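Peer 1: Have a look at this one.
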């Protein structure tokens, strides 16, 4: 999860009749499947 402040990106004005917090949290869940090619090697 990551979070950012909308004001840091110039998003100061809101949408009429909708309240949006200044701090927005984003959670991304990615699933991938390798269909061909050599095995993946991740270096640590």
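The values are calculated or read from the model by the stated rules, or taken from the named source; none is laboratory data. Nothing here was measured: the structure is a model prediction, and the numbers come from that model. No Cβ is skipped: glycine too gets one built from the backbone with ideal geometry, and neighbour counts run over all protein chains shown.
Peer 1: With respect to residue 34, determine if the residue is surrounded by 10 or more Cβ atoms within 10 Å (Cβ to Cβ) and modelled with pLDDT of 80 or more.
Peer 2: The answer is no for residue 34.
Peer 1: Would the stretch 5-17 turn up any residue that is in contact with a strand residue (DSSP E or B) (Cβ under 6 Å, 6 or more places away or on another chain), in a strand (DSSP E or B) and surrounded by 10 or more Cβ atoms within 10 Å (Cβ to Cβ)?
Peer 2: Yes, that holds for at least one residue.
Peer 1: Now for a different question. Would you please name the residue that is surrounded by the most Cβ atoms within 10 Å (Cβ to Cβ), looking only at residues in the stretch 18-31 that are part of a loop (DSSP other than H, G, I, E, B) and modelled with pLDDT under 85?
Peer 2: Among those residues, the one meeting the criterion is 22.
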